[in-house]
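Data first, discussion second: the structure below is written as structure tokens.
The values are calculated or read from the model by the stated rules, or taken from the named source; none is laboratory data. Computed from a prediction, not measured in an experiment: that's the story for all the values here. Positions of Cβ are generated from backbone atoms using ideal geometry, with glycine treated the same way; all protein chains shown enter the neighbour counts.
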Amino acid sequence: QVQLVESGGGLVQAGGSLRLSCAASGSIFSINAMGWYRQSDGKRRDLVATKTSDGSTNYADSVKDRFTISRDNAKNTVYLQMNSLKPEDTAVYYCYVRSSSGPYWGQGTQVTVSS
């Protein structure tokens with residue numbers, strides 16, 4: 001059984017910062033990439049940022065220069081540092097893991113940015 005435990009969401013004013021964390025545990029083999037997606041009401045789930053095991057990163061254009069993804073490979077944990085938050089960043093943020101044993105998703109954590 002695989003578990004992705006997310007934390008760090010909440011309510012913040014525009015211009016503020018939050019840090020999301022996601023720890024993966026269980027029978028996960030050969031993690032290739034870890035990252036974050038987000039979904040707001042009535043919209044599809046979109047990529048925010050991913051980081052592969054060799055260190056390559058990919059960011060959505062809307063978050064470049066504001067968000068930073070990092071990983072602790074030894075702990076199978078991924079972080080998302082979110083700075084200069086905007087109301088349009090409001091969404092449920094989902095942790096994502098791609099591995100040789102399959103893709104996995106977290107349960108989601110709400111991020112709300114007030115104007």
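The table that follows gives values for the structure above.
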item: All positions within the range 67-115 that are among the basic types (Lys, Arg) and farther than 20 Å from SER53 by Cβ; result: LYS86
item: The one condition in (1) over 15 Å from the mean Cα position of the chain (by Cα); (2) within 19 Å of VAL2 (Cβ to Cβ) that ALA23 fails to fulfil; result: (1)
item: Scope the range 60-87; condition touching a Lys or Arg at 6+ places or on another chain (Cβ under 6 Å) and among the charged types (D, E, K, R); matching residues; result: ARG71
item: Count of the range 10-56 residues which are more than 19 Å from ASP72 (Cα to Cα) and modelled with pLDDT of 95 or more; result: 15
item: Residue list for the range 84-110, filter: among the aliphatic types (A, V, I, L, M) and either under 11 Å from the mean Cα position of the chain (by Cα) or at pLDDT below 95 (or both); result: VAL92, VAL97
item: Which listed residue, of ALA24, ALA14, ALA49, is more than 21 Å from LEU85 (Cβ to Cβ) and among the hydrophobic types (A, V, I, L, M, F, W, C); result: ALA24
